[in-house]
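Scroll down for the structure; my scribbles are underneath it.
Any read-out appearing in this document is the output of simple, stated calculations on the displayed coordinates, not a laboratory observation. Quick caveat, the model's predicted, so the values are computed rather than measured. Every residue, glycine as well, gets a Cβ built from its backbone with ideal geometry; the counts of neighbours run over all protein chains shown.
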Amino acid sequence: MTPESRPPKFAWGQSVVAAIDLYNDGSLPETPEDALVVVAGGPGEIVNIGHHEESNRPVYMVDFGVAVLGCLEEELAVAEEVA
């Protein structure tokens with residue numbers, strides 16, 4: 001039996017910021033692997049929400065302007081929460 005999916009913390013279209021520096025994990029072929037893509041505090045907008053089946057966690061597609069990245073909740077913060 002599969003556990004019920006946990007509801008996402010963030011909503012589609014919500015403004016967020018990177019809670020940590022985000023590096024290319026290899027998913028951006030035009031950018032060197034391990035290159036810094038978005039610095040902590042960089043603004044973005046959630047453009048889609050998916051679900052990682054194995055870990056039973058939401059995955060957010062976030063448009064940071066320079067790239068659209070897949071992020072986990074701990075990598076994001078609500079834009080108003082960051083000074």
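Take the residues in segment 24-57 that are among the β-branched types (Val, Ile, Thr) and within 14 Å of Cys71 (Cα to Cα); name whichever of them is surrounded by the most Cβ atoms within 10 Å (Cβ to Cβ). Among residues in segment 24-57 that are among the β-branched types (Val, Ile, Thr) and within 14 Å of Cys71 (Cα to Cα), the one surrounded by the most Cβ atoms within 10 Å (Cβ to Cβ) is Val38. Restricting the first residue to segment 35-51 and requiring it to be in contact (Cβ under 8 Å) with a residue 12 or more places away in the chain and at positive phi, which pairs with a second residue that is surrounded by 12 or more Cβ atoms within 10 Å (Cβ to Cβ) and β-branched (Val, Ile, Thr) meet a Cβ separation below 6 Å and a spacing of at least six or different chains? Correct list of pairs: Gly41/Val17; Gly41/Val82.
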